[in-house]
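Peer 1: First, the structure itself, so that you have it in front of you.
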Amino acid sequence: MRKIVFATGNKNKTVEIKAILGEDKFEVVTMKEAGIDVEIVEDGNTFAENALIKARTVAKFTDAIVMADDSGLEIDCLNKEPGIYSARYMGEDTSYELKNLNLIERVNAAGTDRKARFVCAMAAVLPDKTEISVEGCFEGEIALSPAGENGFGYDPIFWVPERGCTSAQLPPEEKNAMSHRGKALRMMAEMLEKRLDSDEC
Ligand code: IMP
């Protein structure tokens, strides 16, 4: 069993990550559980840069595998806003109820293109300090009104055309099977297993 320190304080993400990676090969612990308390300055210009910044910062404090992700919602008719600023959109302390209503209004005002996607970049720094980066996307649209109680953040306004509902209306296993984070994590798990099988890093 290999230990992975996940560079996040977000409990929702940790729950999804443990469910996707399974708990037989990897023991996933948060930074806090690993006793690492460091401020991470996310000043990259892309999801991929921010994921690497987080993983590299935490890797300075441990020899375990460190993984980090950076994710967000891109809306085509809003020039891919909120993008890397998804968590900070309208201020960190503004409720998602308000953020979601605001985005629906802006998309309504912009016209008919409602295309959007969740993006998740995932980075790992291995014990020998080599790095792996992957990215997963979840394509959808901005719903006409919020719906659903599952998930978090922008899930109530993320319409999944194949399912005819929002990602907040999908059971967690179904969201994990198609989500940006699910895709990125499965790619990462596959690459990590190959690396760990091929050498002692
Ligand atoms: P991060 O913690 O910097 O990666 O910010 C991610 C932000 O993007 C979250 O706080 C949400 O606002 C949004 N986000 C990312 N993934 C999801 C998702 O699966 N559902 C809903 N919102 C998401």
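Peer 1: If you take the C-alpha gyration tensor of region 1-84, multiply each eigenvalue by 5 and take the square root, what semi-axes do you get, largest first, in whole Å?
Peer 2: 25, 16, 10
Peer 1: Now for a separate question. As a check on your grasp of the helix formula, calculate [θ] at 222 nm for the chain: sum -39500 (n - 2.57) over DSSP H runs of n ≥ 4, divide by the residue count, round to the nearest 500. Don't skip to the end; give the middle numbers.
Peer 2: Numbers: 5 runs with 65 residues, N = 201.
Mean residue ellipticity at 222 nm (helix-derived): -10000 deg cm²/dmol.
Peer 1: Separate question: List the pair-distance distribution P(r) of region 89-201, using every Cα-Cα distance, as the percent of pairs falling in each 5 Å bin from 0 up to the bin containing the longest distance, rounded to whole percents.
Peer 2: Once binned at 5 Å, the Cα pair distances of region 89-201 give 2, 11, 18, 18, 16, 12, 9, 7, 5, 2, 1.
Peer 1: Can you give me the long-range amide H partners of Glu27? Hydrogens built in the peptide plane at 1.01 Å from N, cutoff under 5 Å, separation of 5 or more residues or another chain.
Peer 2: For Glu27, the qualifying residues are Arg2, Lys3, Ile4.
Peer 1: Show me, for region 34-42, the HN-Hα J-couplings you get by feeding each phi into the Karplus relation (A = 6.51, B = -1.76, C = 1.60, θ = phi - 60°), rounded to Hz, glycine and proline as x.
Peer 2: Using θ = phi - 60°, the values come out as 7, x, 9, 10, 9, 7, 9, 9, 7 Hz.
Peer 1: Filter the trypsin sites (Lys or Arg not before Pro) in region 10-45 to those in DSSP coil with at most 15 other Cβ atoms within 10 Å of their Cβ, and list the result.
Peer 2: Lys25, Lys32
Peer 1: Under the 0.36 nm per residue contour assumption, what length would be gained going from the current alpha-carbon distance of Arg2 and Asp128 to full extension?
Peer 2: Additional length available on full extension: 43.9 nm.
Peer 1: Hey, got the dipole for region 1-54? About the Cα centre, +1 on K and R Cβ, -1 on D and E Cβ, debye to the nearest 20?
Peer 2: Here the size comes out at about 220 debye.
Peer 1: Tell me which lysines have Cα within less than 17 Å of Lys54's Cα, excluding those fewer than 8 residues away on the same chain?
Peer 2: Lys11, Lys13, Lys32, Lys129
Peer 1: Take Val38, project a point 7 Å from its Cα along the Cβ direction, then tell me which residues of region 122-144 have their backbone nitrogen under 12 Å from it.
Peer 2: Those under the cut-off are 125.
Peer 1: What is the extension gain from Met187 to Asn79, computed as 0.36 nm multiplied by their sequence separation minus the C-alpha to C-alpha distance, in nm to one decimal?
Peer 2: 36.1 nm
Peer 1: Here's something else I'd like to know. Could you give me the ³J(HN,Hα) list for region 44-56, computed from phi with Karplus coefficients 6.51, -1.76, 1.60 and θ = phi - 60°, whole Hz, x at Gly and Pro?
Peer 2: For region 44-56, the Karplus-derived couplings read x, 9, 9, 4, 5, 4, 5, 4, 5, 4, 5, 5, 5 Hz, x marking Gly and Pro.
Peer 1: Now, a different point. Whole-Hz Karplus ³J(HN,Hα) for region 88-103, in order, using 6.51 cos²θ - 1.76 cosθ + 1.60 and θ = phi - 60°, x for Gly and Pro?
Peer 2: 8, 4, 6, x, 4, 8, 6, 5, 5, 4, 6, 4, 5, 5, 4, 5
Peer 1: Another question, if that's okay. Just in region 64-117: which GluC sites (Glu not before Pro) are loop by DSSP and have at most 12 other Cβ atoms within 10 Å? Display every interim value, and only then the final one.
Peer 2: Details: sites: Glu74, Glu92, Glu97, Glu105; in loops: Glu92.
Sparse-neighbourhood loop GluC sites (Glu not before Pro): Glu92.
Peer 1: Ok, one more. Determine one quarter of the surface area of the Cα convex hull of region 1-140, which equals its mean projected area, and express it in nm² to one decimal.
Peer 2: Numbers: hull surface 35.8 nm².
If you wrap the Cα atoms of region 1-140 in a convex hull and average its projections, you get 8.9 nm².
Peer 1: A further question follows. Can you compute the charge dipole magnitude of region 117-172 about its Cα centre, using +1 on each Lys and Arg Cβ and -1 on each Asp and Glu Cβ, nothing else charged? Give it in debye, rounded to the nearest 20.
Peer 2: Charge dipole of region 117-172: 60 debye, to the nearest 20.
Peer 1: What GluC sites (Glu not before Pro) does region 110-179 have in DSSP loop regions with at most 16 other beta carbons within 10 Å?
Peer 2: Qualifying residues, ordered by number: Glu149, Glu162.
Peer 1: Hey, another quick one. Roughly how many debye, to the nearest 20, is the charge dipole of the chain about its Cα centre, given +1 on each Lys and Arg Cβ, -1 on each Asp and Glu Cβ, and no other charges?
Peer 2: 80
Each reported figure results from applying straightforward, stated rules to the coordinates on display, with no laboratory input. None of the values given here were measured: they were computed from a predicted structure. So basically every Cβ, Gly included, is an ideal-geometry build from the backbone, and we count neighbours across all protein chains shown.
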